[in-house]
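Report on the structure given below.
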C-alpha cells in the first residue's frame, strides 16, 4: 500500500517471547484487522465522529470565563519566559562523546526554531492542553532528506486519525480451552486525513471511509495520555470539568431566572364576580384588567404605537375572581424573594469546577493579594499544583522528543536503533519563575548552613566531616572532590602570593629562612623527602576507596597537599590524572 510522506526503514523485528495481551497504547488509534488484500474497509463512524465532537466541545468550554482563567493560570505556570531559553535539553545521563552531545543540543535549538516555541510556546501549549492532542505534518525535501526537517505544519485533530492494523491468531497451549483466546500482533500503522473533517457541525460530510493515507513517520502525534475506559478515545485535561461546568451554567441561569421573577413586588387583584356564570365571570375580570391596565408599546421599526394589553407576563399583576359569599373586591401585595443575595450554591460549583482542573482556589480569588513569601509557607494545595504542572510538562515533552528523533535520523547523526537506547536518557528542563526559584534555593541553602553551624561541637566526635558534607550539605562525591581541589588550589595560590610578597599568613613579615620542615623563603622546597614518601604511600592506600572516618579523610587530604607542593613530577602527574577524572584539572 502506497502512503503519502516519508517512512524510516526499520530492521525486521526479532522474535520475542509471545504474550497473551497486546502492548498498551495511549494514542487513541483506531484498531482494525489487517486485510489479506489491498482493499480494507475502515469503519470510522462513531468513534472518530465522537472524538471530533469532543474536541469541539473542549474548545467551546475554553471560551467560558472561569475555564479560560483556569487554563491561563495553568499555561502561565507551565511556560515561563523569564529566562533566555524557555526549555533546555539535558543529556547528562547519556554516555556519549561531547561532540555528539553538542550536535544534539544544536539540533534541538533548530527544532525549537522550527516550532517557533520561544515565540509561540504559550499558544502551542494551550492548544495541546485544551484539545488533548497535537498533530504536525513533518515537511522535508524529498530530494535531500539529509537536510532535516524544513517545516512543521499543524493539522486539525478533527481531520486526522491514527489507524493501527493488527492480526490475530489463535493461542496455542494445553491450558487454553476457549476458542476466542487469541494473540494480537501489530502489522501496520498509518494516518487517515480528510480535508472536510470527520464531523462538521451535527452531521458527517462525505463518506467517512475516504481520506488520504499518510505514513506514520510523516506525522508527529502527541496526546495527553488520558483515555476513556475502553482505551479507544483520547481525552483532554478538560474532560473532568464537563459536568461541573454544566452544573455551574445551569445554576447560574436558574439564579438569574429566579431573581428576575421574584425581585419585583406584584399586586394581587381579587375581583368579586358574584353569581355570574363562568364565561361571563371571565369576561368581567378581563374587562377590569383592561380598564386598569394600559400597555402601549412604541415600535421603533415602524414608528407606531402598539397595544399589548391582551398579553400578561409572569412579571405583571395577578387577577383572581372571587365568588359571592366571600369578601368583596380586594387588592393586596405579593412580597419579593427574601434570599436573593445568597450565592453559596454558585460558589460551591465554582470551587468544584476549579478542583476538577487542579487549580488552587487562592489563585483565582481576585481579592487575594499576590504574596512572595517564604517557600516554607507554601500550602499543600500549591504543592499538588506544582506536581501537576511537572506531569503536564513531562507529557508535553514528547513533542520535542518525537521531533528530535526524526531530525537526528534524517540527518544521519544517529540510527533508529541507537535512538531506542538513548531516548530514555534525554530530559528537558523548563524555565521556572526566576524569583521564586532563587528564593526557594536560598532558603534551603541557608537552613543547611545553620544546621552545620549548630552541629559545630559534634563534628569530629559524633559525626565526621564527610558525613556532614554528604548528608547535611547534600554534596555529591563529585562536588566533594571538586571543592577539595578548589580549596587546595586557592591555598596554593595564596601561599605562592605570600611567598612573593614576603608576608606570613597572619600579615606579619615572613622571615627569610624557614625551619622545622616548613616552606623556605624561596618557596621552592616544600618538605623533606621522608614526608613526601610517606604521603605517597598514604595516597596509594586511600585513593581507590572512600574515606570511612575523619582521620582517613584528613590523611588523604594532607597527602594530596604534600604531593602537590613537591618537586616530584611523577607524583604530581598521578594526582593530576585523578583530578582530570573528576573534571578538576588546574
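The values are calculated or read from the model by the stated rules, or taken from the named source; none is laboratory data. These numbers come from a predicted model, not from an experiment. Positions of Cβ are generated from backbone atoms using ideal geometry, with glycine treated the same way; all protein chains shown enter the neighbour counts.
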Selection from the stretch 115-131 of residues that are surrounded by fewer than 14 Cβ atoms within 10 Å (Cβ to Cβ) and part of a helix (DSSP H, G or I)
119, 120, 123
Can you spot a residue in the stretch 283-292 that is in a strand (DSSP E or B) and either exposed (fewer than 13 other Cβ atoms within 10 Å of the Cβ) or modelled with pLDDT under 80 (or both)?
no
Can you confirm whether residue 323 is modelled with pLDDT under 80, in a strand (DSSP E or B), out of contact with any strand residue (DSSP E or B) (no Cβ under 6 Å at 6 or more places or on another chain) and farther than 30 Å from residue 69 by Cβ?
yes
Residues that are modelled with pLDDT of 70 or more and assigned to a strand (DSSP E or B): does the stretch 339-355 have at least one?
no
Of the candidates 134, 152, the one satisfying the condition of being crowded, with 20+ Cβ neighbours inside 10 Å, part of a strand (DSSP E or B) and either at pLDDT 90 or above or in contact with a strand residue (DSSP E or B) (Cβ under 6 Å, 6 or more places away or on another chain) (or both) is 134
Select from the stretch 480-494 the residues that are crowded, with 17+ Cβ neighbours inside 10 Å and within 17 Å of residue 563 (Cβ to Cβ) and list them in ascending order.
481, 484, 485, 488
For the structure I just gave you, tell me whether residue 122 is within 25 Å of the chain's Cα centre (by Cα), under 26 Å from residue 241 (Cα atoms) and at pLDDT 90 or above.
yes
